[in-house]
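Notes for the one structure printed next.
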Amino acid sequence: MSNAKLAVFAAALVMAVAGNASAQTATPVHAALKAPRHMTRPQLVSWCKNHPAATADCKEVRNDTREVRADRKEVRADRKEVRADVKAGEKREAKRDERELKADRKDLHRDAKDRHADVRDVRKDARK
């Protein structure tokens, strides 16, 4: 958000709060707080930086992203080990590495699922 838009938004918010402190209805100011339905990644990042209540959710998303990247590296390394063991003809080692690969793929899937849920939570918070 540019500084001008932010200043206009803050002024409108102050005017709405001052003039209508006890009203429970949705005002045009509340409509301006809604995030777009399909928030793009840059919009989500800027919302995370500008919204004080989003810091915990955004930190969770960043942590989950790091975990997903680490899991992807582990999966790549496991696949490489399996290929090397198959090429060398070591069946026992290949089976052990395949079990490890399967476990790492489950971790990757779980972390990606957690990240997706956290992003969904951030977007829900953005609409409030």
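A few remarks follow.
- Extension reserve of the A112-E90 stretch, reckoned as 0.36 nm per residue once the Cα distance is removed: 4.7 nm
- Modelled spin-label separation between R79 and D121, with each label point placed 7 Å from Cα along the Cα-to-Cβ direction: 3.0 nm.
- Area of E60 that stays accessible when all protein chains are in place (1.4 Å probe, Å², to 10): 80 Å²
- Paramagnetic label zone (point 7 Å from Cα along Cα-to-C-beta, R72; backbone N under 17 Å) in the range 93-125: 104-117, 119
- FRET E, pair K102, K59, Förster distance 30 Å, beta-carbon r, rounded to 0.05: 0.50
The values are calculated or read from the model by the stated rules, or taken from the named source; none is laboratory data. Keep in mind that what you see is a predicted model, and the values were worked out from it rather than measured. All Cβ positions, even for glycine, are placed from backbone atoms using ideal geometry, and neighbour counts span all protein chains on display. The protein model used for the area step is the full one, side chains on, heavy atoms only, and it has no ligands, DNA or RNA in it. Shrake-Rupley method; radii C 1.70, N 1.55, O 1.52, S 1.80 Å.
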